[in-house]
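The values are calculated or read from the model by the stated rules, or taken from the named source; none is laboratory data. Keep in mind it's a predicted model, so treat the numbers as computed, not measured. Because the Cβ atoms are built from the backbone with ideal geometry, glycine has one as well, and the counts that use them run over all protein chains shown.
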């Protein structure tokens with residue numbers, strides 16, 4: 001697990017955000033190329049991509065905040081996106097809604113442009129889930145299969161397994177405060193002893209790691225007093241982690257499962273785009289295949305509670321989405337094979353350039 005991918009001087013580049021940005025850049029370029037090849041407005045695709053990125057992040061974060069309100073200790077922690085905490089379905093549905101509104105206002109073919117964008121959505125997700133793996137979120141249940149992975153101390157999976165007594169942790173790592181116990185945070189463990197002393201002197205909470213309350217000077221003072229009581233320091237804890245091999249029990253790499261599934265779906269949708277007989281069929285296929293895959297992956301994920309009629313919230317949304325999309329597919333068969341607005345746009349482009357071609 002590598003939550004911080006690399007540093008540019010004093011700036012830490014977080015794996016999660018970096019992979020999200022890479023996914024967006026690669027997928028939007030491929031979507032723009034697909035638009036160019038089929039005669040659509042390439043600039044419109046880029047605009048929709050930017051809109052989807054912004055609304056998708058907001059929707060994904062809002063969905064996560066509503067679903068896990070107890071994961072946030074301060075106002076600033078709501079904005080610590082680099083630490084993870086996005087729900088794909090929340091972002092996906094928000095981005096689709098924003099795209100529908102935007103295309104309608106611009107009087108563009110919704111079916112045509114959603115078909116163009118569908119493979120890009122899944123490719124972006126493939127990159128994003130690699131970011132989840134590097135960050136250590138969205139982990140799976142314990143398993144003894146050969147593909148199992150172990151996440152290190154400080155990862156969300158490690159914290160949960162400690163709370164559920166699957167793993168034991170020496171007292172040096174356990175803070176007691178206000179009648180409750182917690183592990184010394186991953187952010188604090190990423191410091192050196194010099195960083196710890198220096199950060200304790202900062203009074204501006206915005207200057208702290210992630211702006212989160214638990215990395216406040218008061219929290220770090222508690223950590224330092226705790227370490228002194230055990231006659232050790234952060235460097236000593238780092239050595240203890242190596243000596244004891246403090247990691248989770250082996251778990252399913254569900255992040256990589258979904259990344260591979262999303263990549264495969266993207267390839268299938270990309271090929272199907274050029275063979276479809278009706279506009280709108282590619283986005284329909286996405287809304288059928290992905291929910292099925294997500295439902296199955298949720299069976300071996302452990303981070304999501306079964307709080308939706310015995311299912312996880314993602315499974316619940318999947319069960320709701322598929323029948324709705326099947327009904328839309330039946331309705332789609334009553335519409336013209338080519339969207340009238342797409343036909344009009346292609347005709348307009350053909351008049352402007354004899355070389356323009358459509359799909």
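What pairs can you find where one residue is in the range 146-157 and in contact (Cβ under 8 Å) with a residue 60 or more places away in the chain, the other is assigned to a strand (DSSP E or B) and buried (at least 21 other Cβ atoms within 10 Å of the Cβ), and their Cβ atoms are less than 6 Å apart, with a gap of 6+ or different chains?
Going by the 6 Å Cβ cut-off, there are no qualifying pairs.
Of everything in the range 265-286, what is within 17 Å of residue 111 (Cα to Cα) and under 18 Å from the mean Cα position of the chain (by Cα)? Give them in sequence order.
Within the range 265-286, just 286 meets the criteria.
Please list, ordered by first then second residue, the pairs with beta carbon atoms under 6 Å, 6 or more apart or interchain, first in the range 331-359 and under 19 Å from residue 103 (Cα atoms), second modelled with pLDDT under 85 and surrounded by 12 or more Cβ atoms within 10 Å (Cβ to Cβ).
That search, which allows pairs on different chains as well, returns 346/358; 349/356.
Would you mention how many residues in the range 5-44 are over 15 Å from residue 132 (Cβ atoms) and in contact with a strand residue (DSSP E or B) (Cβ under 8 Å, 6 or more places away or on another chain)?
4
Being in a loop (DSSP other than H, G, I, E, B) and surrounded by fewer than 24 Cβ atoms within 10 Å (Cβ to Cβ) is the filter here, so list the residues in the range 121-150 that pass it.
Selection gives 137, 141, 143, 144, 145, 146, 147, 148, 150.
Looking at the range 3-28 only, could you name the residues that are over 20 Å from the mean Cα position of the chain (by Cα) and outside any strand (DSSP E or B)?
9, 10
Given the options 346, 327, 335, 296, name the one that is assigned to a loop (DSSP other than H, G, I, E, B), more than 24 Å from residue 66 (Cβ to Cβ) and either out of contact with any strand residue (DSSP E or B) (no Cβ under 6 Å at 6 or more places or on another chain) or at pLDDT below 95 (or both).
335
Filter the range 158-168 for residues that are touching a residue at least 40 places away in the same chain (Cβ under 8 Å) and surrounded by 19 or more Cβ atoms within 10 Å (Cβ to Cβ); which is farthest from the chain's Cα centre (by Cα)?
Going through the qualifying residues, I end up with 161.
Kindly evaluate residue 297 against the criterion of being buried (at least 16 other Cβ atoms within 10 Å of the Cβ) and in the same structural domain as residue 92 (by TED's automatic domain parsing).
Here the answer is yes, as residue 297 does meet what is asked.
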